[in-house]
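What follows is a set of notes on a single structure, which appears directly below.
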Amino acid sequence: MGVAGGGVNALRGESNVQGSTDHALLFHILPGYLKMPSSPIQTLAEYNKLFTPLSKNPLSGNWWQNYPKYSVSLLKSYFGENATKDNEFGYSLLPKTEAGQSYTWLDLFDEMYKGSIKGFLAWGMNPACSGSNAGKVRKSLAKLDWLVNVNIFDNETGSFWKGPGMNPSKIKTAVFMLPAAVSVEKEGSITNSGRWMQWRYQGPKPLGNSKPDGDIIMELGNMLREAYKKGGGKFPDAVLKLKWDYMTDGKFDAHKVAKEINGYFLEDATVNNQQFKKGDLVPSFAFLQADGKTSSGNWIYSGSYTGKGNMAARRGQKDAPNNIGLYPEFSWAWPVNRRIIYNRAAVDLKGQPYDEKRWVVKFDGEVKDGKYATSKWVGDVPDGGWYPLQNPDGTERSDGKLAFIMTKEGYAQIFGPGLADGPFPEHYEPLECPVEKNFMSAQLVNPTAPVFDTDADKFASCDPRFPYVGTTYRVSEHWQTGLMTRPQAWLLELQPQVFVEMSEELANFRNIKNGERVKVTSARGSLECTAVVTKRFKPMKIGDSIVHQVGMPYNYGWRWPASGKEESANLLTPSTGDPNTRIPETKAFMVNISKIKRG
Amino acid sequence: MDKSFFIDTTVCTACRGCQVACKQWKNLPAEKTVNRGTNENPADLSFNTYKVVRMREEVIDGKLKWLFFPEQCRHCVEPPCVGMADNPAAIFKDEATGAVIYTAKTKGLNAKEIIESCPYNIPRKGKDGTLAKCDMCLDRVQNGLPPACVKTCPTGAMNFGERKEMLALANERLGEVKKVCPGAMLLNADDVRVIYLVAYKPELYSKYAVASNSAFGITRQMALARMFRPIRNIPLRLV
């Protein structure tokens, strides 16, 4: 820690995971990591009060004290002129979650299975293959009134009704296929794990009737608004009062959205001793206001599209003076083009780097009589430009701030409050497991893990019918559920079939030959796989028992290859998961494996 | 202009981007394959497959190693197949780069003879008798581009450039790898333009990792075949 290259570097499974999370793809947040309002919080005042932390420590930057500036600017962005002080900037128009209710993937499909969700927009997703307990997912789709499948190809989700075990004449779901343009056919941005927002111009034009997502959303929105205008719908204001003007000449305009995300001055204003005119783009989130004078669709991206232009489209090649590969003029990083967050944690109390050779920021202000007299940081954009906490002579300063400005206390946290379990990590067995007791503690499985109770949520722990541990993963030749790669002949040539890897010991024991087709079964489903007998799998000794593990890639589905025999390994996986994120437990579950008797 | 590849198998991850890039640049059709109990596919080189990454699981000194070997034509410095064909319109060595090039005229050659002359078992025969194999992406190289397999390699396993530079790079890497794996070696570096660095015994990686003949050069079959040929066809270098 404290050196260039240190710290956490999240590896993402997709190029824009960071961007989609920042813009609130998940249910629990609004853009910029603002909190999702829940039904008990009925007024904006309550909402802002609840989520604006107060710190009595004068050394704590406590940046979230600015929360109302960001929440009000977001509401102004959503509802435009319809957001006024008198209507709490449209707070009542925001959808609210039920308090304590989770709306993750697992929860949504559980509700769908029970029949309470009637319509579903599957946007660039293939849950019929990617969803844990995919058999339950497929049955859930059959309970819908309508399904809109937005994708670049037809997939197992859009065609679920003619899939294995389905009787099309008994399925009432109306399915609409909206062909989408692929990424290179669209203009817009992605944000990588380093928070670099990178603008991409349009390459080839979309083929046939396919359209960029932006156009699909805008046109769908326009049609919904027309329908609500005609009357009959419940709560039309939530749709009709939206600011919905992101088209130019009838086409989605990515620049209009990017500017809205950055934010505008909505009235003439003087902020931080600078004068702005109505319609000016805000230079950074430091200028956002809680009184409705500014808008910003995502406060952390404020500064990405300013009077200086589209900052994400910059392609400058010059490095910062510390020469550690920050390239501050290439694209734009949130927040405020800071390339490494919490970078003041890499300096000592006097603002000098812990590692002289691999420094990120350092304080370079003038010194008079052993005291800092002027303020100047060099290197990366400092995470808070205050003076250091100490002068060169070791005396304390009162105008400095602690390094971790996004925590209320100002300090890093070994464990964060607000998690479903903890505070310390604990070993639990998976919900489906091969042992009757946890060898580390008296508690076998995580008591806070989500458990669903439909007839499709079967579990079989220590069940002789399912004696082996199953796990799933991916192959590098196929992408996610293989929708973009399975139809690609060169990639299918490399990985033509779903396989199950097992140890030589297990193969011997079950008389399975390398390369033969076998059936893998769990309490929830089964599929046919090619056996790959490998030295890379070894039996494990757990307690006094020998436990065998088998592994399968989940990248396949019945739509392609044409044989229809290569299925998703998620037919086996359980619908349970992490108690906080509800990321499904697809890495450990119980299966059996058997030879296929033919003829 | 004398070119060579350096293939550092110690950093190869068997992503097989090179296999796909080769097919893409050459617009070669995919083969219908099945999983044969291994990730390796297609099963072998063919008329439509110039490159196959071999994958072997070996226990070495009690530790499991997964060995990867991107197999392709070695573009021999003195290519036996050129000598065997003895027909520059069918098989020739591009003087500028050293690439060994097969043309459509290979259709008229004795394919069996040519294939058997190759110490690395590389050329493959099409339905009509034409022979095919890697051509060093000569069209790309002549236009200042690296071969497609090199261009796509994300780990630095595939390298291409001036022979001198590649030999220097190969020896530099050999020195580094030897510190960890004392048995590391370069395979037939003096005889081929595709220089492999392996960490362990080459025969563990692929049956044809090193030249199949004890002495590089004329094979028994080749010698036999030559005996029945008019004397004027004997290439200069064999005289």
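The values are calculated or read from the model by the stated rules, or taken from the named source; none is laboratory data. Computed from a prediction, not measured in an experiment: that's the story for all the values here. Every residue, glycine among them, receives a Cβ derived from its backbone with ideal geometry; neighbour counts consider all protein chains shown.
Worth a mention:
- Residue in segment A:525-537 that is among the β-branched types (V, I, T), more than 8 Å from chain B (Cβ to nearest Cβ), crowded, with 19+ Cβ neighbours inside 10 Å and out of contact with any helix residue (DSSP H, G or I) (no Cβ under 8 Å at 6 or more places or on another chain) present: no
- Lone unmet requirement of (1) surrounded by fewer than 18 Cβ atoms within 10 Å (Cβ to Cβ); (2) not in a loop (DSSP other than H, G, I, E, B) for B:Y196: (1)
- Which listed residue is in contact with a strand residue (DSSP E or B) (Cβ under 6 Å, 6 or more places away or on another chain) and either within 26 Å of A:A10 (Cβ to Cβ) or hydrophobic (A, V, I, L, M, F, W, C) (or both), from A:N323, A:N298, A:N343: A:N343
- Yes/no for A:K293 being among the basic types (K, R), closer than 30 Å to A:T84 by Cβ, surrounded by 14 or more Cβ atoms within 10 Å (Cβ to Cβ) and modelled with pLDDT of 95 or more: yes
- Every residue from segment B:130-160 that is of a type in the set (G, A, S) and at positive phi: B:G144, B:G156
- The condition of being surrounded by 16 or more Cβ atoms within 10 Å (Cβ to Cβ), within 14 Å of chain B (Cβ to nearest Cβ), β-branched (V, I, T) and on the phi < 0 side of the Ramachandran plot does not hold for A:V591.
- Looking across segment B:199-212, the residues that are assigned to a loop (DSSP other than H, G, I, E, B) and surrounded by fewer than 17 Cβ atoms within 10 Å (Cβ to Cβ) come down to B:K201, B:K207, B:S212.
- Matching residues, segment A:252-286, being touching a residue at least 40 places away in the same chain (Cβ under 8 Å) and either part of a loop (DSSP other than H, G, I, E, B) or more than 34 Å from the chain's Cα centre (by Cα) (or both): A:G263, A:L266, A:S284
- Within segment A:196-225, being of a type in the set (D, E, K, R) and either crowded, with 18+ Cβ neighbours inside 10 Å or in contact with a Phe, Trp or Tyr (Cβ under 6 Å, 6 or more places away or on another chain) (or both) holds for A:K211, A:D215.
- Of all residues in segment A:508-522, those that are within 14 Å of chain B (Cβ to nearest Cβ) and within 19 Å of A:P553 (Cα to Cα) have Cβ atoms under 6 Å from Cβ atoms of residues that are of a type in the set (K, R) and assigned to a loop (DSSP other than H, G, I, E, B), 6 or more apart or on another chain, in A:G515/B:R36.
- Segment A:484-506, residues that are within 11 Å of chain B (Cβ to nearest Cβ) and under 13 Å from B:G37 (Cα atoms): A:L494, A:Q495, A:P496, A:Q497, A:V498, A:F499, A:V500, A:E501, A:M502, A:E504
- Among residues that are touching a strand residue (DSSP E or B) at 6+ places or on another chain (Cβ under 9 Å), surrounded by 17 or more Cβ atoms within 10 Å (Cβ to Cβ), among the acidic types (D, E) and more than 23 Å from A:T21 (Cβ to Cβ), A:E185 is not included.
- Candidate set: segment A:504-521, residues that are polar (S, T, N, Q) and closer than 19 Å to B:E57 by Cα; chosen: the one surrounded by the most Cβ atoms within 10 Å (Cβ to Cβ): A:N514
- Of all residues in segment A:184-232, those being under 24 Å from the mean Cα position of the chain (by Cα) and of a type in the set (D, E, K, R) number 8.
- Taken together, the residues in segment A:564-582 that are more than 18 Å from A:P447 (Cβ to Cβ) and exposed (fewer than 14 other Cβ atoms within 10 Å of the Cβ) amount to 1.
- Of all the numbered requirements in (1) over 25 Å from A:N62 (Cα atoms); (2) of a type in the set (V, I, T); (3) surrounded by fewer than 14 Cβ atoms within 10 Å (Cβ to Cβ), A:I324 misses one, and that requirement is (3).
- Sole residue being charged (D, E, K, R), in contact with a Pro (Cβ under 6 Å, 6 or more places away or on another chain) and more than 16 Å from A:W299 (Cβ to Cβ), chosen from A:K96, A:K49: A:K96
- Residue, farthest from the chain's Cα centre (by Cα), within segment A:461-481, restricted to residues that are within 14 Å of another protein chain (Cβ to nearest Cβ) and under 24 Å from A:E516 (Cβ atoms): A:E477
- Residue match in segment B:68-85 (condition: closer than 23 Å to B:L197 by Cβ, aromatic (F, W, Y) and modelled with pLDDT of 95 or more): yes
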